[in-house]
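Read the structure below first, then the notes.
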Amino acid sequence: QRQASLLRQIEVILSQLNEFNSEWCQTEIRNAYTEGIAIAILSSGGAATLTEAMQGVTFSMLSQQTVEALINDTYNDLLQATGNTERRVKQIVRQTVGEVLRKRSIQQYGRVTIAKDINKQLTKKAMEEKMLKDGFIGIIDKAGRKWSTTRYANMISATKLNQAHVEGVRIGGIERGLDTAVISTHNAEDECRSFEGMIISMNGLTEGLLTYQELYDSNLIFHPNCSHKVHLIKIENLPKQ
């Protein structure tokens with residue numbers, strides 16, 4: 001009974017977490033994308049301030065499709081972590097109860113003693129200790145790296161918010177005839193620093209420039225946890241050398 005009760009509590013908590021994740025994705029990813037479009041409006045001269053640009057944002061069919069894909073991808077990534085969490089926690093609960101039953105049955109303890117022992121093993125403190133001792137992992141990525149659920153969720157949220165912002169700039173640029181952009185500069189300490197200040201083609205429409213997709217695929221910049229953004233520019237406005 002104690003096991004069944006705890007498993008139900010776990011299901012309710014994680015269901016609530018998934019609902020929160022869904023609402024967060026719908027709101028925050030859309031906001032980041034909207035800000036990206038506003039930046040594109042500002043860069044194209046369509047507004048004098050970011051506040052004015054934000055008020056002028058409208059979603060085309062392309063924007064709606066893009067932002068919905070970003071929202072779904074983000075939610076599915078978070079759902080994978082909570083799914084792994086649910087399976088592992090339930091496994092720990094069942095293993096704990098099973099171990100107590102086997103041990104105490106062999107020692108011929110009564111039902112009351114066994115029940116007390118199970119309750120003791122399934123307290124919040126005891127569960128936390130088991131999970132820490134077990135090296136609880138929320139997800140293992142393609143590179144074999146292990147992520148705790150919290151660390152993974154933080155990485156996904158930061159990465160997807162930045163990606164949504166860049167996509168807003170990119171799509172906003174397409175719709176306003178701007179293809180070239182400069183990568184932001186903030187003295188990165190990893191491979192990203194080699195690309196800071198680089199002028200790129202956001203959609204492959206400008207010959208002779210690396211494209212955003214090429215750089216994204218390289219995983220040297222715009223990678224998970226990367227905070228680099230892009231700012232649309234007009235080539236003809238650059239100073240002549």
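The values are calculated or read from the model by the stated rules, or taken from the named source; none is laboratory data. Bear in mind that the values here come from a model prediction, so they are computed numbers and not experimental data. Here the Cβ positions follow ideal geometry from the backbone for every residue, glycine too, while neighbour counts run over all protein chains shown. In case anyone asks, the SASA skips ligands and DNA or RNA and just uses the protein heavy atoms, side chains included. Shrake-Rupley method; radii C 1.70, N 1.55, O 1.52, S 1.80 Å.
Points worth noting:
- Test: residue in segment 81-102 that is among the β-branched types (Val, Ile, Thr), open to solvent by less than 20 Å² (accessible area, probe 1.4 Å) and within 30 Å of Ile235 (Cα to Cα): no
- A Cβ distance below 7 Å, combined with a sequence gap of six or more or placement on separate chains, defines the contacts here; from segment 68-96, residues that are closer than 21 Å to Glu128 by Cα and among the charged types (D, E, K, R) reach residues that are open to solvent by less than 60 Å² (accessible area, probe 1.4 Å) and in a helix (DSSP H, G or I) in the pairs Glu86/Ile10; Glu86/Leu14; Lys90/Leu7; Lys90/Ile10; Arg94/Gln3.
- Condition check for Asp190: of a type in the set (Asp, Glu) and open to solvent by less than 50 Å² (accessible area, probe 1.4 Å): no
- Hits in segment 198-226 (condition: within 28 Å of Asn154 (Cβ to Cβ) and part of a loop (DSSP other than H, G, I, E, B)): Met198, Met202, Asn219, Leu220, Ile221, Phe222, His223, Pro224, Asn225, Cys226
- Within segment 152-174, residues that are on the phi < 0 side of the Ramachandran plot have Cβ atoms under 6 Å from residues that are hydroxyl-bearing (Ser, Thr, Tyr) and open to solvent by less than 40 Å² (accessible area, probe 1.4 Å) in these pairs: Lys160/Thr74; Ala164/Tyr33; Glu167/Thr66; Gly168/Tyr33; Ile171/Ser63; Ile171/Thr66, counting only partners at least 6 apart in sequence or on another chain.
- Every residue from segment 136-173 that is hydroxyl-bearing (Ser, Thr, Tyr) and open to solvent by less than 20 Å² (accessible area, probe 1.4 Å): Tyr152
- Any hit, segment 159-174, residues being out of contact with any Lys or Arg (no Cβ under 7 Å at 6 or more places or on another chain) and in a loop (DSSP other than H, G, I, E, B): no
- Note on segment 1-50: residues that are of a type in the set (S, T, N, Q), under 28 Å from Asn154 (Cα atoms) and open to solvent by 50 Å² or more (accessible area, probe 1.4 Å) amount to 6.
- Matching residues in segment 61-80 - criterion: being among the polar types (S, T, N, Q) and surrounded by 18 or more Cβ atoms within 10 Å (Cβ to Cβ): Ser63, Thr66, Thr74
- When residues of segment 228-241 are limited to those that are open to solvent by less than 70 Å² (accessible area, probe 1.4 Å) and among the β-branched types (Val, Ile, Thr), the one modelled with the lowest pLDDT: Ile233
- So Thr58, is it surrounded by fewer than 11 Cβ atoms within 10 Å (Cβ to Cβ) and under 26 Å from Gly177 (Cβ atoms): yes
- Verdict on Asn225 being polar (S, T, N, Q), within 19 Å of the chain's Cα centre (by Cα), open to solvent by 50 Å² or more (accessible area, probe 1.4 Å) and on the phi > 0 side of the Ramachandran plot: yes
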